[in-house]
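Working notes, structure below.
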Amino acid sequence: MPFGLLGKKLSHSYSPFLHRCITGGAYEYELFEKEENEVADFVQSNVYDGMNVTIPYKKTVLPYMTRLTPEAERIGAVNTVTRLPGGGLLGDNTDYFGFCCLLKRAEMNVTGKKVLVLGSGGAAQTAITVFRDKKAKEVVVVSRNGENNYHNLHLHRDAEFIINATPVGMFPNNGVAPLSVADFPQCQGVADMIYNPSVTELLRQAKQQGCKTVNGLPMLCAQAFRSAERFLRQKLDESLIEKAIADTERSMKNLVLIGMPGCGKSTVASLLSKRLQRQVIDTDTEIEHKLGRDIPSVFAEKGEAFFRETEAEVCKEVGKRSQTVIATGGGAVLRKENIHALKQNATVVFLEKPLEALATQNRPLSQNGNLEKLYQERLPIYKEACDFSVEVSENADETVERILEVLP
(Lines give C-alpha, C1' and ligand atoms only; values in the text may rest on other atoms or scores of the structure.)
Protein backbone atom coordinates (compact mmCIF):
# COMPACT_ATOMS: atom_id res chain seq x y z
CA MET A 1 0.00 0.00 0.00
CA PRO A 2 1.25 3.51 -0.74
CA PHE A 3 1.95 6.50 1.43
CA GLY A 4 0.69 9.89 0.37
CA LEU A 5 -0.81 13.29 1.07
CA LEU A 6 -4.45 13.90 1.97
CA GLY A 7 -5.91 17.27 1.04
CA LYS A 8 -8.47 19.03 -1.12
CA LYS A 9 -6.40 20.68 -3.89
CA LEU A 10 -2.97 19.17 -4.33
CA SER A 11 -1.87 19.71 -7.93
CA HIS A 12 0.95 22.09 -6.89
CA SER A 13 2.16 20.05 -3.91
CA TYR A 14 5.90 19.51 -3.46
CA SER A 15 5.38 16.55 -1.12
CA PRO A 16 6.03 13.76 -3.66
CA PHE A 17 9.25 15.53 -4.73
CA LEU A 18 10.39 15.97 -1.12
CA HIS A 19 9.74 12.39 -0.10
CA ARG A 20 11.62 11.07 -3.16
CA CYS A 21 14.48 13.44 -2.37
CA ILE A 22 14.67 12.41 1.29
CA THR A 23 14.20 8.64 0.91
CA GLY A 24 15.57 8.03 -2.56
CA GLY A 25 12.19 6.66 -3.60
CA ALA A 26 12.01 4.08 -0.79
CA TYR A 27 8.22 4.06 -1.00
CA GLU A 28 5.40 5.04 -3.31
CA TYR A 29 3.94 8.45 -2.48
CA GLU A 30 0.60 9.54 -3.95
CA LEU A 31 -1.74 12.53 -3.76
CA PHE A 32 -5.10 11.75 -2.16
CA GLU A 33 -7.44 14.57 -3.24
CA LYS A 34 -10.73 14.26 -1.33
CA GLU A 35 -13.81 16.35 -0.71
CA GLU A 36 -14.72 16.87 2.95
CA ASN A 37 -17.54 14.32 2.84
CA GLU A 38 -15.04 11.68 1.64
CA VAL A 39 -12.44 12.19 4.36
CA ALA A 40 -13.93 10.04 7.12
CA ASP A 41 -14.31 6.92 4.95
CA PHE A 42 -10.87 7.39 3.42
CA VAL A 43 -9.06 7.82 6.74
CA GLN A 44 -10.73 4.70 8.11
CA SER A 45 -9.99 2.64 5.00
CA ASN A 46 -7.08 0.29 4.38
CA VAL A 47 -5.87 1.75 1.08
CA TYR A 48 -2.78 3.48 2.50
CA ASP A 49 0.12 2.61 4.79
CA GLY A 50 0.49 6.12 6.18
CA MET A 51 -0.13 9.66 5.06
CA ASN A 52 0.50 13.32 5.52
CA VAL A 53 -2.48 15.63 5.95
CA THR A 54 -2.65 19.21 4.74
CA ILE A 55 -5.22 22.01 4.88
CA PRO A 56 -8.13 21.95 5.26
CA TYR A 57 -8.17 18.52 6.93
CA LYS A 58 -5.59 18.71 9.75
CA LYS A 59 -8.37 19.03 12.33
CA THR A 60 -10.95 17.00 10.38
CA VAL A 61 -8.99 13.75 10.88
CA LEU A 62 -8.63 14.14 14.66
CA PRO A 63 -11.72 12.06 15.65
CA TYR A 64 -10.42 9.06 13.69
CA MET A 65 -7.08 8.82 15.49
CA THR A 66 -6.64 6.06 18.07
CA ARG A 67 -3.81 7.96 19.74
CA LEU A 68 -2.16 11.35 19.41
CA THR A 69 1.44 12.31 20.00
CA PRO A 70 1.96 15.07 22.60
CA GLU A 71 2.72 17.58 19.80
CA ALA A 72 -0.48 16.78 17.91
CA GLU A 73 -2.54 16.90 21.08
CA ARG A 74 -1.18 20.27 22.19
CA ILE A 75 -1.39 21.87 18.74
CA GLY A 76 -4.81 20.38 18.11
CA ALA A 77 -4.01 19.26 14.57
CA VAL A 78 -2.57 16.23 12.77
CA ASN A 79 -0.35 16.30 9.70
CA THR A 80 1.05 12.75 9.81
CA VAL A 81 -0.87 9.50 10.21
CA THR A 82 0.73 6.06 10.70
CA ARG A 83 -0.68 2.68 11.61
CA LEU A 84 -0.15 1.37 15.13
CA PRO A 85 1.35 -2.14 15.41
CA GLY A 86 -1.73 -3.51 17.17
CA GLY A 87 -4.19 -1.76 14.90
CA GLY A 88 -5.55 1.76 14.88
CA LEU A 89 -4.06 5.09 13.81
CA LEU A 90 -1.44 7.34 15.39
CA GLY A 91 -1.83 11.06 14.73
CA ASP A 92 1.36 13.13 14.84
CA ASN A 93 2.25 16.74 14.06
CA THR A 94 5.68 16.93 12.45
CA ASP A 95 5.18 20.65 11.76
CA TYR A 96 6.38 21.14 15.35
CA PHE A 97 9.74 19.58 14.49
CA GLY A 98 9.75 21.50 11.20
CA PHE A 99 9.26 24.87 12.85
CA CYS A 100 11.97 24.12 15.43
CA CYS A 101 14.35 23.37 12.55
CA LEU A 102 13.38 26.62 10.83
CA LEU A 103 14.27 28.66 13.92
CA LYS A 104 17.51 26.76 14.45
CA ARG A 105 18.60 27.17 10.83
CA ALA A 106 17.95 30.93 11.00
CA GLU A 107 19.71 31.18 14.39
CA MET A 108 16.65 32.79 15.93
CA ASN A 109 16.80 32.36 19.70
CA VAL A 110 13.42 33.46 21.08
CA THR A 111 14.07 32.59 24.71
CA GLY A 112 13.20 35.61 26.84
CA LYS A 113 12.05 37.58 23.78
CA LYS A 114 8.75 39.16 22.76
CA VAL A 115 7.33 37.43 19.69
CA LEU A 116 4.57 38.61 17.37
CA VAL A 117 2.64 35.82 15.60
CA LEU A 118 0.56 36.98 12.65
CA GLY A 119 -2.44 34.71 12.16
CA SER A 120 -4.52 32.46 14.35
CA GLY A 121 -4.93 29.29 12.27
CA GLY A 122 -3.20 25.93 12.45
CA ALA A 123 0.21 27.19 11.32
CA ALA A 124 0.07 29.92 13.95
CA GLN A 125 -0.83 27.39 16.64
CA THR A 126 2.27 25.37 15.78
CA ALA A 127 4.46 28.45 16.15
CA ILE A 128 2.78 29.46 19.42
CA THR A 129 3.35 25.98 20.90
CA VAL A 130 7.04 26.02 19.93
CA PHE A 131 7.57 29.54 21.30
CA ARG A 132 6.05 28.63 24.64
CA ASP A 133 8.24 25.54 24.86
CA LYS A 134 11.27 27.69 24.08
CA LYS A 135 10.26 30.07 26.86
CA ALA A 136 9.63 33.23 24.89
CA LYS A 137 8.98 36.12 27.26
CA GLU A 138 5.70 37.04 25.56
CA VAL A 139 3.80 35.62 22.60
CA VAL A 140 1.30 38.04 21.04
CA VAL A 141 -1.14 36.57 18.51
CA VAL A 142 -2.38 39.09 15.94
CA SER A 143 -5.57 38.35 14.02
CA ARG A 144 -7.99 40.41 11.98
CA ASN A 145 -10.68 40.60 14.66
CA GLY A 146 -8.95 39.60 17.88
CA GLU A 147 -7.92 41.69 20.86
CA ASN A 148 -4.56 42.20 19.16
CA ASN A 149 -5.25 43.13 15.55
CA TYR A 150 -3.79 45.07 12.66
CA HIS A 151 -5.28 48.33 13.90
CA ASN A 152 -3.39 48.36 17.20
CA LEU A 153 0.00 47.00 16.17
CA HIS A 154 1.56 50.14 17.66
CA LEU A 155 1.03 48.55 21.07
CA HIS A 156 3.69 45.99 20.16
CA ARG A 157 6.42 48.12 18.61
CA ASP A 158 8.82 46.43 21.04
CA ALA A 159 8.40 43.00 19.38
CA GLU A 160 11.78 41.34 18.84
CA PHE A 161 10.67 38.57 16.47
CA ILE A 162 7.83 38.50 13.94
CA ILE A 163 6.38 35.33 12.40
CA ASN A 164 3.92 35.42 9.52
CA ALA A 165 1.54 32.47 9.64
CA THR A 166 -0.95 33.99 7.18
CA PRO A 167 -1.09 33.64 3.36
CA VAL A 168 -0.53 37.39 2.86
CA GLY A 169 2.22 37.79 0.24
CA MET A 170 1.95 34.23 -1.09
CA PHE A 171 1.87 33.48 -4.83
CA PRO A 172 0.04 34.73 -6.86
CA ASN A 173 -0.55 37.75 -4.60
CA ASN A 174 3.14 38.62 -4.36
CA GLY A 175 4.45 42.01 -3.34
CA VAL A 176 2.26 42.71 -0.30
CA ALA A 177 3.03 42.37 3.41
CA PRO A 178 0.78 42.07 6.48
CA LEU A 179 2.68 44.90 8.20
CA SER A 180 5.63 47.25 7.82
CA VAL A 181 8.76 45.91 9.51
CA ALA A 182 10.02 49.49 9.84
CA ASP A 183 7.35 50.02 12.53
CA PHE A 184 9.21 47.57 14.80
CA PRO A 185 12.59 49.13 15.57
CA GLN A 186 13.64 46.39 18.03
CA CYS A 187 12.93 43.55 15.62
CA GLN A 188 15.82 41.09 15.34
CA GLY A 189 14.32 38.41 13.12
CA VAL A 190 11.40 37.73 10.78
CA ALA A 191 10.17 34.30 9.71
CA ASP A 192 7.58 33.84 6.98
CA MET A 193 5.96 30.41 6.65
CA ILE A 194 5.40 31.16 2.96
CA TYR A 195 7.98 29.59 0.63
CA ASN A 196 6.62 30.78 -2.72
CA PRO A 197 7.94 33.36 -3.38
CA SER A 198 11.25 32.65 -1.73
CA VAL A 199 11.60 36.28 -0.65
CA THR A 200 8.23 37.74 0.27
CA GLU A 201 7.70 41.47 0.60
CA LEU A 202 7.78 41.01 4.38
CA LEU A 203 11.18 39.31 4.21
CA ARG A 204 12.49 41.90 1.77
CA GLN A 205 11.61 44.65 4.25
CA ALA A 206 13.20 42.69 7.09
CA LYS A 207 16.44 42.18 5.16
CA GLN A 208 16.54 45.88 4.37
CA GLN A 209 16.27 46.59 8.09
CA GLY A 210 19.12 44.19 8.91
CA CYS A 211 16.98 41.48 10.55
CA LYS A 212 17.63 37.77 10.36
CA THR A 213 15.19 36.24 7.87
CA VAL A 214 13.92 32.82 6.88
CA ASN A 215 11.10 31.60 4.66
CA GLY A 216 8.95 28.50 5.17
CA LEU A 217 10.98 26.07 3.05
CA PRO A 218 13.14 24.69 5.91
CA MET A 219 9.95 23.95 7.85
CA LEU A 220 8.38 22.22 4.83
CA CYS A 221 11.43 20.05 4.25
CA ALA A 222 12.02 19.23 7.92
CA GLN A 223 8.42 18.16 8.54
CA ALA A 224 8.63 15.90 5.47
CA PHE A 225 11.88 14.44 6.84
CA ARG A 226 10.29 13.62 10.20
CA SER A 227 7.23 12.16 8.43
CA ALA A 228 9.54 9.94 6.36
CA GLU A 229 11.11 8.66 9.58
CA ARG A 230 7.63 7.82 10.84
CA PHE A 231 6.72 6.03 7.62
CA LEU A 232 9.96 4.01 7.48
CA ARG A 233 10.02 3.48 11.26
CA GLN A 234 13.72 4.34 11.41
CA LYS A 235 16.02 7.29 12.08
CA LEU A 236 17.43 9.08 9.07
CA ASP A 237 20.49 11.30 8.69
CA GLU A 238 19.43 14.89 9.38
CA SER A 239 21.75 16.12 6.62
CA LEU A 240 18.95 14.98 4.31
CA ILE A 241 16.98 18.05 5.42
CA GLU A 242 19.62 20.37 3.97
CA LYS A 243 19.72 18.27 0.81
CA ALA A 244 15.95 18.59 0.46
CA ILE A 245 16.11 22.36 0.96
CA ALA A 246 18.86 22.75 -1.65
CA ASP A 247 17.17 20.45 -4.17
CA THR A 248 13.80 22.17 -3.75
CA GLU A 249 15.28 25.66 -4.08
CA ARG A 250 17.10 24.57 -7.22
CA SER A 251 13.88 23.14 -8.62
CA MET A 252 11.67 26.12 -7.76
CA LYS A 253 13.82 29.13 -8.49
CA ASN A 254 13.83 31.10 -11.71
CA LEU A 255 17.08 31.85 -13.50
CA VAL A 256 17.21 35.53 -14.48
CA LEU A 257 19.76 36.89 -16.95
CA ILE A 258 20.71 40.58 -16.80
CA GLY A 259 23.25 42.60 -18.74
CA MET A 260 23.83 45.22 -21.40
CA PRO A 261 21.76 45.29 -24.60
CA GLY A 262 23.42 43.03 -27.14
CA CYS A 263 25.29 40.82 -24.67
CA GLY A 264 23.39 37.69 -25.76
CA LYS A 265 20.81 37.26 -23.01
CA SER A 266 18.02 36.03 -25.30
CA THR A 267 20.22 33.51 -27.11
CA VAL A 268 21.70 32.14 -23.89
CA ALA A 269 18.28 32.00 -22.21
CA SER A 270 16.91 29.91 -25.06
CA LEU A 271 19.79 27.45 -24.78
CA LEU A 272 19.47 27.28 -20.98
CA SER A 273 15.76 26.54 -21.21
CA LYS A 274 16.52 23.48 -23.34
CA ARG A 275 19.30 22.29 -21.04
CA LEU A 276 17.22 22.76 -17.90
CA GLN A 277 13.92 21.76 -19.54
CA ARG A 278 12.26 24.96 -18.38
CA GLN A 279 10.05 27.55 -20.00
CA VAL A 280 11.85 30.65 -21.26
CA ILE A 281 10.51 34.21 -21.13
CA ASP A 282 12.06 37.29 -22.71
CA THR A 283 10.77 40.48 -21.08
CA ASP A 284 11.31 42.52 -24.26
CA THR A 285 9.25 40.00 -26.23
CA GLU A 286 6.55 40.16 -23.54
CA ILE A 287 6.49 43.95 -23.87
CA GLU A 288 6.15 43.70 -27.65
CA HIS A 289 3.24 41.27 -27.29
CA LYS A 290 1.61 43.50 -24.69
CA LEU A 291 1.89 46.66 -26.83
CA GLY A 292 1.53 45.10 -30.25
CA ARG A 293 4.67 46.74 -31.69
CA ASP A 294 8.43 46.23 -31.63
CA ILE A 295 10.75 47.93 -29.13
CA PRO A 296 12.26 50.52 -31.54
CA SER A 297 8.72 51.61 -32.49
CA VAL A 298 7.73 51.95 -28.83
CA PHE A 299 10.73 54.21 -28.16
CA ALA A 300 10.07 56.26 -31.28
CA GLU A 301 6.33 56.68 -30.76
CA LYS A 302 5.91 56.64 -26.98
CA GLY A 303 9.32 57.46 -25.56
CA GLU A 304 11.53 55.76 -22.98
CA ALA A 305 9.40 56.71 -19.94
CA PHE A 306 6.38 54.87 -21.35
CA PHE A 307 8.56 51.87 -22.21
CA ARG A 308 9.96 51.72 -18.65
CA GLU A 309 6.47 51.78 -17.13
CA THR A 310 5.43 48.85 -19.32
CA GLU A 311 8.67 47.05 -18.54
CA ALA A 312 7.99 47.42 -14.81
CA GLU A 313 4.54 45.86 -15.24
CA VAL A 314 6.04 42.92 -17.13
CA CYS A 315 8.83 42.39 -14.56
CA LYS A 316 6.25 42.36 -11.79
CA GLU A 317 4.29 39.59 -13.51
CA VAL A 318 7.12 37.36 -14.75
CA GLY A 319 8.92 37.65 -11.39
CA LYS A 320 6.05 35.72 -9.78
CA ARG A 321 6.82 32.62 -11.80
CA SER A 322 8.81 29.56 -10.76
CA GLN A 323 11.07 27.19 -12.69
CA THR A 324 11.52 29.67 -15.56
CA VAL A 325 14.50 31.10 -17.44
CA ILE A 326 14.00 34.86 -17.82
CA ALA A 327 15.96 37.11 -20.19
CA THR A 328 15.57 40.78 -19.30
CA GLY A 329 16.02 43.99 -21.24
CA GLY A 330 19.26 45.82 -20.66
CA GLY A 331 17.60 48.56 -18.59
CA ALA A 332 15.30 46.35 -16.53
CA VAL A 333 17.51 46.76 -13.46
CA LEU A 334 17.35 50.57 -13.51
CA ARG A 335 14.28 50.50 -11.27
CA LYS A 336 14.66 48.99 -7.82
CA GLU A 337 11.13 47.63 -7.90
CA ASN A 338 12.07 45.58 -10.97
CA ILE A 339 15.07 44.12 -9.15
CA HIS A 340 12.86 43.24 -6.17
CA ALA A 341 10.27 41.61 -8.44
CA LEU A 342 12.84 39.58 -10.37
CA LYS A 343 14.86 38.48 -7.31
CA GLN A 344 11.95 37.36 -5.14
CA ASN A 345 12.12 33.85 -6.54
CA ALA A 346 15.29 33.67 -8.60
CA THR A 347 19.01 33.37 -9.03
CA VAL A 348 20.22 36.40 -11.01
CA VAL A 349 23.20 36.07 -13.36
CA PHE A 350 24.95 39.07 -14.93
CA LEU A 351 26.31 38.36 -18.41
CA GLU A 352 29.49 40.43 -18.76
CA LYS A 353 30.59 41.25 -22.28
CA PRO A 354 33.25 43.79 -23.36
CA LEU A 355 31.88 47.08 -24.55
CA GLU A 356 33.38 46.75 -28.04
CA ALA A 357 31.72 43.35 -28.55
CA LEU A 358 28.13 44.45 -27.81
CA ALA A 359 25.60 44.23 -30.64
CA THR A 360 23.70 47.48 -31.28
CA GLN A 361 21.28 46.71 -34.13
CA ASN A 362 17.62 47.41 -33.22
CA ARG A 363 18.66 48.67 -29.78
CA PRO A 364 17.55 52.31 -29.52
CA LEU A 365 19.66 53.37 -26.55
CA SER A 366 22.75 51.58 -27.86
CA GLN A 367 22.55 53.42 -31.20
CA ASN A 368 22.43 56.99 -29.92
CA GLY A 369 26.22 57.31 -29.60
CA ASN A 370 26.36 57.08 -25.79
CA LEU A 371 27.02 53.36 -25.45
CA GLU A 372 30.18 53.81 -23.37
CA LYS A 373 28.41 56.18 -20.98
CA LEU A 374 25.48 53.75 -20.74
CA TYR A 375 27.91 50.92 -19.95
CA GLN A 376 29.66 52.84 -17.18
CA GLU A 377 26.37 53.93 -15.61
CA ARG A 378 24.86 50.46 -15.60
CA LEU A 379 27.85 48.29 -14.71
CA PRO A 380 27.68 48.92 -10.92
CA ILE A 381 23.91 48.35 -10.98
CA TYR A 382 24.31 44.98 -12.72
CA LYS A 383 26.99 43.92 -10.26
CA GLU A 384 24.90 44.90 -7.25
CA ALA A 385 21.75 43.21 -8.56
CA CYS A 386 23.30 39.86 -9.52
CA ASP A 387 24.03 36.75 -7.47
CA PHE A 388 26.74 35.69 -9.92
CA SER A 389 28.49 37.23 -12.91
CA VAL A 390 29.65 35.24 -15.92
CA GLU A 391 31.96 36.36 -18.71
CA VAL A 392 30.23 35.92 -22.07
CA SER A 393 32.05 33.69 -24.54
CA GLU A 394 31.90 34.07 -28.31
CA ASN A 395 30.36 30.60 -28.21
CA ALA A 396 26.88 30.74 -26.60
CA ASP A 397 27.06 27.06 -25.57
CA GLU A 398 30.24 27.79 -23.63
CA THR A 399 28.49 30.67 -21.86
CA VAL A 400 25.72 28.27 -20.87
CA GLU A 401 28.30 25.88 -19.38
CA ARG A 402 29.84 28.72 -17.40
CA ILE A 403 26.44 29.62 -15.96
CA LEU A 404 25.65 26.02 -15.01
CA GLU A 405 29.00 25.78 -13.23
CA VAL A 406 28.25 28.71 -10.91
CA LEU A 407 24.64 27.82 -10.10
CA PRO A 408 24.12 26.46 -6.57
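List of remarks:
- In region 209-217 there is no residue that is over 30 Å from residue 69 (Cβ atoms), buried (at least 18 other Cβ atoms within 10 Å of the Cβ) and touching an Asp or Glu at 6+ places or on another chain (Cβ under 6 Å).
- Residue list for region 345-391, restricted to those being touching an Asp or Glu at 6+ places or on another chain (Cβ under 9 Å), of a type outside the set (D, E, K, R) and at pLDDT 95 or above: 346, 347, 348, 349, 350, 351, 382, 389, 390
- Only one of the listed residues (159, 127) is over 28 Å from residue 56 (Cβ atoms) and either out of contact with any Asp or Glu (no Cβ under 7 Å at 6 or more places or on another chain) or of a type in the set (Asp, Glu) (or both). That residue is 159.
- If the condition is being touching a Gly at 6+ places or on another chain (Cβ under 6 Å) and not in a loop (DSSP other than H, G, I, E, B), then region 163-201 contributes only 201.
- Hey, residue 117 part of a loop (DSSP other than H, G, I, E, B) and either under 17 Å from residue 3 (Cα atoms) or modelled with pLDDT of 95 or more (or both) or not: no
- Boolean, residue 144 is at pLDDT 95 or above, outside the structural domain of residue 75 (by TED's automatic domain parsing) and charged (D, E, K, R): no
- Out of 127, 136, sole residue that is touching a helix residue (DSSP H, G or I) at 6+ places or on another chain (Cβ under 8 Å) and not acidic (Asp, Glu): 127
- Among the helices (runs of 4 or more DSSP H) confined to region 259-331, the ones with at least 2 residues that are of a type in the set (Gly, Ala, Ser) are located at 265-276, 295-302, 304-318.
- Residue within region 72-82 that is of a type outside the set (A, V, I, L, M, F, W, C), assigned to a helix (DSSP H, G or I) and farther than 18 Å from residue 224 by Cα present: yes
The values are calculated or read from the model by the stated rules, or taken from the named source; none is laboratory data. The structure presented is a predicted model; accordingly, all values stated were derived computationally and were not measured. Positions of Cβ are backbone-derived with ideal geometry, glycine not excepted, and every protein chain shown enters the neighbour counts.
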